[in-house]
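As structure tokens, the structure follows; a few thoughts come after it.
The values are calculated or read from the model by the stated rules, or taken from the named source; none is laboratory data. Computed from a predicted structure; not experimentally measured. As a convention, Cβ positions derive from the backbone with ideal geometry for all residues, glycine included, and neighbour counts pool all protein chains shown.
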Amino acid sequence: MLKVIIVGTGISGLTSALMLARSGFSVTMMSYYESIRSASCMAQGGINAAELRENDSVLKHFTETVSGGAWLADQQPVMDMCKFARNIIAMYDRIGVAFNRNADGSPDTRYFGGSKYKRTHYADTTTGAQLLNALDGQVRRYKELWHMRKPLADKKWFSGKMWAGDFVQAAGFPKILAGVPTDIEASKSSVEYVEPKRKVPQLIEYQKEIKDKLLRI
């Protein structure tokens with residue numbers, strides 16, 4: 001059975017763990033704290049998905065999303081997200097997230113994030129917390145969550161040093177499973193300094209003044 005390690009137990013981590021567990025994968029989750037203490041708990045806005053009754057469409061959702069990101073986003077994943085958004089919300093609804101509803105039982109949606117259409121599905125002002133509670137309950141049905149405890153929680157992990165090897169060793173995972181080289185020398189950075197091809201443009205006068213003022217603060 002293929003083993004998967006997920007670091008972080010926010011909405012993304014819990015959803016990934018649930019989908020993988022349902023597909024038969026062995027999943028281990030690692031987190032400093034319980035999922036309810038993740039940053040996802042603070043999410044209040046909601047989840048966007050096109051509602052046909054609002055004269056909305058997947059294409060409109062897609063267009064607003066990529067244009068809102070100055071057309072810099074990878075468009076295929078954005079289109080996939082817009083296509084599957086309603087199915088994802090339906091899945092969250094099935095596992096117990098209490099999304100707001102209209103008097104007739106249909107999903108209540110609202111404007112959010114500069115959208116021209118009411119496509120944001122929400123659970124009052126506690127969308128993130130409700131998603132975490134529902135997902136955490138579903139994941140625990142498969143196997144008890146494992147959270148990082150001492151000595152992991154007492155250490156500070158700094159990027160650029162041998163933290164990855166120490167982390168995996170403290171967690172008790174085989175290094176080969178985590179993709180961490182067993183040879184310390186092999187793990188050292190092999191990046192060399194290369195002179196940039198383009199020179200940084202010179203600051204014009206008013207930019208120099210702003211820079212000098214900021215440096216004096």
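What to note about this one:
- Close pairs (7 angstrom Cβ cut-off, 6 or more residues apart or separate chains): free of Cβ contacts under 8 Å to residues at least 12 places away in the same chain in region 1-19, part of a helix (DSSP H, G or I) anywhere: none
- Of all residues making up region 22-35, the number that are crowded, with 18+ Cβ neighbours inside 10 Å and of a type outside the set (S, T, N, Q): 3
- Restricting the first member to region 102-131 and to residues that are closer than 16 Å to Ala50 by Cα and without any contact (Cβ under 8 Å) to a residue 24 or more places away in the chain, and the second to residues that are surrounded by 12 or more Cβ atoms within 10 Å (Cβ to Cβ) and polar (S, T, N, Q), the beta-carbon pairs closer than 8 Å and six or more apart or on different chains are Asp108/Asn100; Tyr111/Thr120.
- Members of region 67-113 found to be touching a strand residue (DSSP E or B) at 6+ places or on another chain (Cβ under 8 Å), exposed (fewer than 13 other Cβ atoms within 10 Å of the Cβ) and of a type outside the set (Ser, Thr, Tyr), listed by number: Arg101, Gly113
- Top-ranked residue in region 56-66 [being farther than 27 Å from Leu132 by Cα and of a type outside the set (S, T, N, Q); ranked as surrounded by the fewest Cβ atoms within 10 Å (Cβ to Cβ)]: Leu59
- Selection within region 1-14 - surrounded by fewer than 13 Cβ atoms within 10 Å (Cβ to Cβ) and part of a loop (DSSP other than H, G, I, E, B): Met1, Leu2
- Flag if Ala43 is within 16 Å of Gln130 (Cα to Cα) and buried (at least 18 other Cβ atoms within 10 Å of the Cβ): yes
- Of all residues in region 79-100, those that are without any contact (Cβ under 8 Å) to a residue 24 or more places away in the chain have Cβ atoms under 8 Å from Cβ atoms of residues that are surrounded by 13 or more Cβ atoms within 10 Å (Cβ to Cβ) and part of a helix (DSSP H, G or I), 6 or more apart or on another chain, in Met79/Val58; Met79/Phe62; Met81/Thr65.
- As for region 47-55, it holds at least one residue that is in contact with a Lys or Arg (Cβ under 8 Å, 6 or more places away or on another chain), of a type in the set (A, V, I, L, M, F, W, C), under 22 Å from Ala123 (Cβ atoms) and surrounded by 14 or more Cβ atoms within 10 Å (Cβ to Cβ).
- Checked against the criterion of being touching a helix residue (DSSP H, G or I) at 6+ places or on another chain (Cβ under 6 Å), closer than 18 Å to Met91 by Cα and outside any helix (DSSP H, G or I), the candidates Ala17, Ala50 yield just one match: Ala50.
- Flag for Asn55 being under 20 Å from the mean Cα position of the chain (by Cα), closer than 30 Å to Lys116 by Cα and of a type outside the set (Val, Ile, Thr): no
- Verdict on Leu59 being farther than 21 Å from Ser12 by Cα and either touching a helix residue (DSSP H, G or I) at 6+ places or on another chain (Cβ under 7 Å) or part of a loop (DSSP other than H, G, I, E, B) (or both): no
- For the criterion of being closer than 19 Å to Leu131 by Cα and modelled with pLDDT of 90 or more, Arg94 passes.
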